[in-house]
Structures are given as C-alpha cells and as structure tokens.
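Written below as structure tokens is the structure these notes are about.
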Amino acid sequence: MIHFVLLISRQGKVRLTKWYSPYSQKERTKVIRELGGVILNRGPKLCNFVDWRGFKVVYKRYASLYFCMCIDQDDNELEVLEIIHHFVEILDRYFGSVCELDLIFNFHKAYYILDELLLAGELQESSKKTVARLIAAQDSLVETAKEQASSISNIIAQATK
Amino acid sequence: MSGPSLMDSLFQRTLEDLIKGLRQQLIGEQAFISKALEEIRKEIKSTDLSTKSTALLKLCYLSNLHFHDMSFAAFHALEVLSSPRFSHKKIAYHAISLSFHDSTPVLLLITNHLRKDLTSTNEFEVSLSLQCLSRIANVDLARDLTPEVFTLLSSNKLYVRKRAVAVVLRVFEKYPDSVRVCFKRLVENLENYDPQILSAVVGVFSELACKDPRSYLPLAPEFYKILVDSKSNWISIKVLKIFAKLAPLEPRLANRVVEPICYLMRKTGAKSLLFECVRTVVTSFSEYESAVRLAVGKIREFMVDEDPNLKYLGLHALSIVASKHLWVVSENKEVVIKSLSDPDPNIKIESLRLVMAMVSEHNVAEISKVLVNYALKSDPLFCNEILGSILSTCSRNVYEIIVDFDWYVSLLGEMSRIPHCQMGEEIENQLVDIGLRVKDVRLELVRVARDLLIDPALLGNSFLHRVLSAAAWVSGEYVEFSRNPLELMEALLQPRTSLLPPSIMAIYIQSAFKVLVFCLHTCFVRGGSTAGVSASASYESFDDLSVENGAGSTVAHGQTCTSAPITNESIVNLLKLVELALSPLLGSHDVEVQERARNLLGFVDLIKLEALNSSGQEENDSEQKGVEATKIIRMVHDAFSKELGPVSLSAQGKVPVPDGLTLNENLGDLETICSDIELPSSNTFSFGYPSEEKDVSSFSNLQIKEDSGQSNESTSLLAEHRKRHGLYYLPSGKSEVISNDYPPANDPALQGDNNDTASDLVKLTAESLVPKRKPNHSKPRPVVVKLDEADEKPVAVKHPESRDDSLSGAVLDILFGSEDILPTSSRSNLPSSNRKGKEKQHMITQVESKENVVGDGNSSSRRRKDHSHGKERRHRKKNAEERNETDRKEKESSSNHPRRQKSRQRAEEPLKVPPQTSVIPDFLL
C-alpha cells in the first residue's frame, strides 16, 4: 500500500502531504525533511526509486514539482509511477494545464482529487473520466451551498438571530 | 472576551487571501502565520458555520503545509461536521482526517456523525465518511460502524461499494471480529464483473495475504479465475502479488499458476506487469526451471535497458534470484560489474550487493581486489559502502570464506589506507579478532600493524585512529613476532601520537609497556646471565638458536627473530626514549593516560639503575641489584606473556551454580576463600598455558627452582584462576597436544557438552609448534578459533502480531464455515479426550508458552488476548486433501524450528496422534 504522498517543490517547499499510515506531526516534519534532502539532491537522469528506512519511495518530477509516494518493499514501483502519472494527468485535466500555482491556491481541491484517486493507500479509480465526473459533481454541490451562504441576507440573518 | 462580530464574518480573510498574504510576505512568514492563527482562533469560535468552516480550512492549510498544530480545533471540526451543507462537511472531514489520531479526546463523539453520513442518501457524503473512517478508525469506531460498512458492501451504487470494500481492510485491521460479519460479502464481491470493484477487492486481499497468506488458500480458485480472465493490468499485478504469497504454501497451486504467469510474461506489453511477473517467478516459483529462465531473460532485457528505472529493477530482481540460483548472477557478471560505475548511487549499491553475492572462497581475493580499486576511484559514500560490504562479507560466519589470512590481513591494512575510508571501527574489530582467533597469521598481522604504526602521516587522519589502536594493541600483544621491537617502540612513542584521542593514547602506552618488557626480558633475562635460570625455554619454538647455554654466557643477544640485536646500549636508549616521551603525559588530564604513563615510568625507574650499571660493567658488584631487577622484569613479563583468548559470550551462563551456594550472601568469610587461593600447587598451571609454545615441564621446573616463588606469583594466580574457572577460558589446544598428566578436567562445560562443536574449538595443530616464518600460499586454511554458541547467529524469532493472529483466526473461521462457534470459555476448557476419534475435525490449538523468560512485559497483553483467541478452533474440513496438506506443513514447520519457545504458538495437529503429545507448535503463523 501507499503510506504517504508528498508534493515537494524544487525549492523544498511542501505543496501537498497526505498520510495513509499514522504518523505524528513530529514524524511528518522529519520525514519531509529527510526525503526532501534525498530526493531533491538526486540528479536528473537517475532512477526514480529511493530506498528509505525499509520502505521504497517512488518519485517523479513534473516541471518544478516532485511527486513522491512511499510504498512497501514488495510493492510494484512501476505501478506507482503510473499512479503518479495518472494523478498528474487528472490534475492537468481539471485545472487545464496545471502549474504549481494552481496547486498552491487550490490546495484543498488537489486533496479532493487525490481522495477520489486513492483510498486507504490503494488505487480507487483508474479512469480519468470518472474522476473528472465525480469531482465536477461534488463541485456543483459545493457551489450551490456557497451561493446560499454568501448571500448578504443570509449573513445578516445569521448574525442577528 | 467577545466573540467574533458580524464585521468579522463579513470581512473574514478567505483561504485565498491567506495564501496570497503568505506569498507576499510583507511582514515575514512567521509573523504573518502567527497573526493568521490568532484570527483563526477567534473565527473558529463563531456561531456562523460558514465563518467557522473557512477558518477551519485555513487552519488545515497551515497545519498541512506549515506544520502548525491544529489539535485545538478538534471539537470545532466536529461542530462543522454537523452542518447540513455538503461544502462544510467536506472541509470538516478533510480537517478530521488530517488531524485526528487515536488519542484525540473527541474521537468518541464522532461515531454518530459518521453513522449518519454512512447511511446518507447522498453518495458523496457516504464516500466522505468512508474516507474519514479509513483514516481515523480505532477499535471502537471499527466495532460500532461494522454494521454500516457491512450494508454498504452490497450497496447498489458502485461508487459507494468500491469505497466500502477498500475501507473494510482498515476495519478488519482494527477490529478482527468484524471479519465474521463482513468477510462473506467481501468474497462475494470477488465475483463482481465491474473492474473497479474487482480492483478494490483484490487490493484488499493482496494486503491481507501479505500478513497471513495461509488463511486465504481456500480462495485460490477465485484468484486463479481472475488471473486468467483479467484484462486490467492493475488487477493482474495485485493478483500476482497474492499468488506470490500463496504459491510457496501449496505446490499444487504453484503448478497450476506458473503456466498462466509465464503466458502473461510473454504476452504483456506493460513493463509494470512484466516486472511483477518476473518478481513473482523469482521469489515464489524459483524451482520451476523454465519459468526462471524466461524471467532471467526478461531481467537481462531490463538490465541493459537505457531507462535507469528498468536497470535498477533488473538488478534488484537479479539479487532476488541470486539467493537461489547463483548461476544467473555469474551469467550476467559483465553487466553487473559495469553497473558498478553507473552514475546512479542506487544502481551502484544494488550491483555491489550482487557482486558480494558472487563471492566465494575461490574468488574472494580477486573480487576484493577489483572492488578496492573501485573504492579508490569512487566518491566517499560509495567507497565506504564498498569497504563495508567487503568487511562484512569476509567476516561472515567467523571468516568462513577466508583461506589465506595473510592476504586478508594485508588487505585490511590496505583498506585502512584508502583516503575516504571511514570503516575504522570495523577494521579495528577484525584486526583484533583475527589476532585472537588465528594463531598462524600473527606474524603477518604484526608486520601489517607495524607498517601502520610507523607511518606518521596516518596519525593525522581521525578516521584511522581506531585502526591504529588495533595495530598498537596487536603489536604489543604479539611483540615476540616483531622483527624489530626497538623500531616498534619508536613508532609507538613518536611525537605525533599526541594527535590521538586519550583512549587510544592509553592503548599506545600499554603496548609500549609490553614491548619494553619484552626487550628487557630478551636482553637481561634470556640473554643476560644474572638470573641463571633457563627461562628462555618459553621462547624456544621461535628461537633460532638454542639458548640452553648455561650461566655466564653473554652471547645470546638478539636470539629471537629480531633483526636488530638488542644490546644494553639500545636498552639504555630505549629507557631514555620512554622517559622523554612519557614525562609530559604525567600531567595528562585523562586519568587512563596519566595512570598508564605513570606505571610505565615507574617501571622504568625500577629498571634503570640496573640497566645503566650493566651497561657500564658487567656482572660485578651490582649483582645483587641486578637480580632484583631481573626478578621484576621476569615477573612483569610473565604477567604479559599470558595469552588472552576469546571468551564465549555464554561462558558465564555455562557455570552451574553449585548446591548450597548463595550468591547474595555477605562475603563474611572472605579470608578463608583467600587463603584457599594462596595455595598454588606447583603443577597447577601446567595446563593453564594456552597455545603459546611453552615447554610446560621446564617451566614448572623453573617454578620449583625459584625458591621465592614470588616472581611467578602473578602467573600462578592466573593459572589458579583458570583452574577454578576454566570454563570461562577458551580451552587451550596445548593441553591436548602436550603430554600432560593432568587432563583438562577444568573444562566441565566442554566435557559435559561433548558435542562436535567442542572438538571444533581449538585444535592446536602440530604445525603451529613450528611456526612458519614465510607462509607459503598453498598451505591449508589455518585454524580459526570459534566459540560454540557465541558465534552462532542469533535466530530472529518473529513474534506474529496479535492483530494478524486474531484476524487470520477469524478469517479461517469464516472460510471453513464453522457455524458452531462455541463460546470462548467452553472451548478453552474442552477436555482433550473429546477430540479423539473425531475424524473429520481439524484442530488448531493455540498454546501459550509459559516460559516467559524474557518477554514478561508482553504477558499481560497476551493473557488478555488469550481470553478471546487462545482457544481451540475446530473446523470441519471440506475435503481430505486439505487436511493432508496441513499435515505436511505442520511437519515441515516443526522440523524447521525445533527449539524455539516463547513465541506464540499455534498447533495444527493431525488427528491420529493422541492429543497429549500432539500439540506440535506451528510457527508459520
């Protein structure tokens, strides 16, 4: 299974973290620091796998972002590479040629997409089209709710009751 | 303090504002964040759910990417969760799965929220709560929500169902009893035609099978069908993973599966699937020659591929094959060696592992040479990687693969001179270890040590200090093999030794002490006339000259293998050198250094007068003093000439506590014990001398002649000690070789054991009595001293995790369809006689081993577990063949691990055997 997903920028800034195994806040910072050091320092034409504390970390660089996933020793590295690529393609489709800024400002959306893709550290949905449809459906649910909420009358009603 | 006002709500910063502000960094990141956090703390208390949820979202952002603690908002997240709006729920669930953990106090309150959403009609809400459950489930949540998850497993919304399937894995993990409820539905989903659901189910089973494959054997037919029919690579990979676990358990299954796997391997275009096939074959089907050959062909393609990923995986797969089929590695030797110079460190390490796998006693010399050359050229990190693996491979199983120790010792010397070498500690250990274990190599060892010591440049490298300390110890301990002790002395006392850390400095001083004593002894006692005793016998074996010439002869200078003769004059210089070098150390701040320097200088003071005298005029009026000094020299020399042998780690444990001995008793009558020791019998130490080629009889003569008996007191005390506590010492081979009237009765442990390891211990071969100056390389492998148990590799006892244990128990129950599950108490108390004769029943008994010697800490948890699971489970076996198969497995497992106790044991027993004896532990849990 996938233990965690990290998105790290080339400058070492964290753009997204998702933990499927229990890690305390302290461990999380430590993991990110350690892995960031290892992965960012690897040259461009090397293999995409790193042995790390008995696990394997599969990473791939897209533009200025490193997508990293940590898996068990006997998981399939190439499969995880495909999952990463899959994720990137879905993001691309959703944001329309995604860039780092999209992920910065819509960090929660990136999470929601990842949640559709992976659940409990396993791949949930291998169809890009389905993921796009599901996300769109949820977005419209959110939008309708938001419209209601942001109307001035609503706010005044809330505040004066 | 007032709550947030309307204005606050109206002009609340959104997430976007927060992010923008952070990026602009007008007031610095930390300041901005703490300001934002302050706002959030205020906003999150708002009664307006929109304000609250926005605050929560911002907090998530800060917690997630800037690692700020958000545990204070746990309750607020729950409040947002209760909102009817989807957008709020979404934020709340996100926050909860991000921040909740097992010890979050409000975890108890979430159960009802989750339940409500799990039964919601909105599939997205269900999905959100499932997602959350998968992340935060603990025992209570898993237990309480099992019914809801069970219902969802057969939901007609595929989207919900596949998510429920994935969550089941976490629920099982936390609350194994849920297996009884959900497992059947999970299995039913295996027959689903929707690839997404199938993928989820297979994913769950591949995780479950990792932990305990045996329980899922009965499902093999279903998996087989999926393997053959599957069109999706995702699913095929997972099924292959399952079979990789199942196949080793059941050869007939392997027989059936190997063909489809090979077919997949030939036909597939996807590299990931291909690699999974290859890995499955090499890990679990390694006895199928044709399949392995096919896989190896693919591995070769991987290894020569341009893509570094494939290359790495190819090498990785090769190292899996290597454990069973070494020929594969040698076939691909060129590729592997070439990869050693790959730019990618991971590939280099992988190929290094493979190269080390190829090492045998025939090629170890060549391979090490190649690798050391690589180490010289490569970066520090990889260089040490190489050196480390050479060291660990060569020392494996007490230097199993080393035949020519002279070569190995000089390799160690060479390795420590490699500029990047940081393996000083390991080299140190091995140098000392080899010195202790292998007698024949000591000559070469001392030579290597001398070369290291004499080079002043090495003292500047702090990584080498450990090696130097070993070198100093070796040359002090085995100084009699040294060609030129005087030169050695100069090396040990050279000015640059001040660069050494105090602990190593102390070893240098001690070694200098030994060397000095040796020189003095050679010069005065053996060469000199004063003592008048033929003590030189102790060195006979490596003396060129016989020095049995009587008193008065002064010719026997430098009669050892030393090339430079030790004259009185050189001794005087030596003493001066010692004084010169050590007097500054008297003020050392390190107690050890100071004390040893003092010792040595004190000794020099004692000797100096006589040495000076005898240099001036020989054997005249200072006779009396000379005798005194000689006595001292001999005494100290005797103390040093006692050889230290390796001591078995388990030596202490071997001594049985004699009856009537209370170890905790006050040492009131210490005097009687002491007087006991003071009674050395003249012959007691005859067997006390280990391998040092000491003529025992002549030595005991010496002892008799020595009327004072004092000079040998230290030796005899040691011997006495050895006699009394012989089994702490390594038995000396000498006692077997020489004609000794005293059988080694002091080794009760060895005699008691009397097993073959005892005979392996030390065989002092006849050849070691005539040491070779120049070892020829065709000589047989020298004897390596081994201790019986201490060198045995500790067997890693795996304690199966209780969770898996109970999980698989539950799974077995379901799979074998035991509807008649008895209540716990009645089952555990079932009289064993009841079991007899029930042919169709198969019992799994969990035996709690009572011998909790060490693991007392676990006992309470075990006992608790025992309550629910430490019981016999009875299963009606559907067919006889499964029973046979378990019989077989049980036999194999019991023969594999006959000695382990203390681990949780489960017995699977064949039924013909009476129950009392049939509880055979099965460790393959």
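When B:275, B:243, B:285, B:223 are screened for being within 10 Å of chain A (Cβ to nearest Cβ), buried (at least 20 other Cβ atoms within 10 Å of the Cβ) and of a type outside the set (D, E, K, R), only B:275 passes.
Against the condition within 14 Å of chain A (Cβ to nearest Cβ), at pLDDT below 85 and surrounded by fewer than 17 Cβ atoms within 10 Å (Cβ to Cβ), how does residue B:343 come out, does it pass? Against the criterion (within 14 Å of chain A (Cβ to nearest Cβ), at pLDDT below 85 and surrounded by fewer than 17 Cβ atoms within 10 Å (Cβ to Cβ)), residue B:343 qualifies. Tallying residues that are within 10 Å of chain B (Cβ to nearest Cβ), basic (Lys, Arg) and either surrounded by 15 or more Cβ atoms within 10 Å (Cβ to Cβ) or within 18 Å of residue A:107 (Cα to Cα) (or both) within the stretch A:1-55 yields 5. Is it the case that residue A:93 is closer than 22 Å to residue B:348 by Cβ and more than 13 Å from the chain's Cα centre (by Cα)? For residue A:93, the condition - closer than 22 Å to residue B:348 by Cβ and more than 13 Å from the chain's Cα centre (by Cα) - is not met.
Among the residues making up the stretch A:67-91, a single one is without any contact (Cβ under 8 Å) to a residue 24 or more places away in the chain and under 14 Å from residue A:114 (Cβ atoms): A:91.
In the stretch B:627-639, the residues that are assigned by the TED database to the domain that holds residue B:511 form Cβ pairs under 8 Å with partners that are acidic (Asp, Glu), at six or more places apart or across chains, as follows: B:628/B:610; B:629/B:610; B:630/B:610; B:635/B:713. Take residue A:80 and tell me if it is modelled with pLDDT of 85 or more and farther than 15 Å from residue A:8 by Cα. Answer is yes for this residue. Please indicate, with yes or no, whether at least one residue in the stretch A:52-62 is touching a helix residue (DSSP H, G or I) at 6+ places or on another chain (Cβ under 6 Å) and at pLDDT below 85. So far as the stretch A:52-62 goes, no, none of its residues is touching a helix residue (DSSP H, G or I) at 6+ places or on another chain (Cβ under 6 Å) and at pLDDT below 85. Search the stretch A:121-140 for residues being under 23 Å from residue A:75 (Cα atoms) and among the hydroxyl-bearing types (Ser, Thr, Tyr), and hand back the single one that is surrounded by the most Cβ atoms within 10 Å (Cβ to Cβ). Out of the qualifying residues, it is A:126. Being small (Gly, Ala, Ser) and within 27 Å of residue B:241 (Cα to Cα) is not true of residue A:9.
The listed residues are B:442, B:353, B:447, and the only one of them that is at pLDDT 80 or above and in contact with a Phe, Trp or Tyr (Cβ under 7 Å, 6 or more places away or on another chain) turns out to be B:442. Annotation note: of B:242, B:235, the sole residue that is in a helix (DSSP H, G or I), under 21 Å from residue A:82 (Cα atoms), in contact with a Leu (Cβ under 7 Å, 6 or more places away or on another chain) and of a type in the set (A, V, I, L, M) is B:235. Taking the criterion of being farther than 24 Å from residue B:161 by Cα and either assigned to a helix (DSSP H, G or I) or more than 12 Å from chain A (Cβ to nearest Cβ) (or both), the residues of the stretch B:96-135 that qualify are B:99, B:105, B:106, B:107, B:108, B:109. Among residues of the stretch B:162-198 being surrounded by fewer than 24 Cβ atoms within 10 Å (Cβ to Cβ) and of a type in the set (Ser, Thr, Tyr), the one that is nearest to residue B:118 (Cα to Cα) is B:178. Looking only at residues of the stretch B:55-95 that are within 12 Å of chain A (Cβ to nearest Cβ) and among the polar types (S, T, N, Q), we find that the one that is farthest from the chain's Cα centre (by Cα) is B:83. Does the stretch B:142-159 contain at least one residue that is within 13 Å of another protein chain (Cβ to nearest Cβ), touching a residue at least 40 places away in the same chain (Cβ under 8 Å) and not aliphatic (A, V, I, L, M)? No, there is no match, as no residue in the stretch B:142-159 is within 13 Å of another protein chain (Cβ to nearest Cβ), touching a residue at least 40 places away in the same chain (Cβ under 8 Å) and not aliphatic (A, V, I, L, M). Filtering the stretch B:464-493 to residues that are without any contact (Cβ under 8 Å) to a residue 60 or more places away in the chain and part of a loop (DSSP other than H, G, I, E, B) leaves only B:478. Taking the condition in contact (Cβ under 8 Å) with a residue 24 or more places away in the chain, closer than 22 Å to residue A:6 by Cβ and surrounded by fewer than 21 Cβ atoms within 10 Å (Cβ to Cβ), does residue B:94 pass? Against the criterion (in contact (Cβ under 8 Å) with a residue 24 or more places away in the chain, closer than 22 Å to residue A:6 by Cβ and surrounded by fewer than 21 Cβ atoms within 10 Å (Cβ to Cβ)), residue B:94 does not qualify. Scoring residue B:445 on the criteria (1) free of Cβ contacts under 8 Å to residues at least 40 places away in the same chain; (2) under 16 Å from residue B:348 (Cβ atoms); (3) not small (Gly, Ala, Ser) leaves a single failure, condition (2).
Among the numbered criteria (1) without any contact (Cβ under 8 Å) to a residue 40 or more places away in the chain; (2) within 12 Å of chain A (Cβ to nearest Cβ); (3) surrounded by fewer than 24 Cβ atoms within 10 Å (Cβ to Cβ), which one does residue B:201 miss? Status for residue B:201: all satisfied but (3).
The values are calculated or read from the model by the stated rules, or taken from the named source; none is laboratory data. Keep in mind the model is a prediction, meaning the values are calculated, not measured. Here the Cβ is made from the backbone with ideal geometry for all residues, glycine too, and neighbour counts use every protein chain on show.
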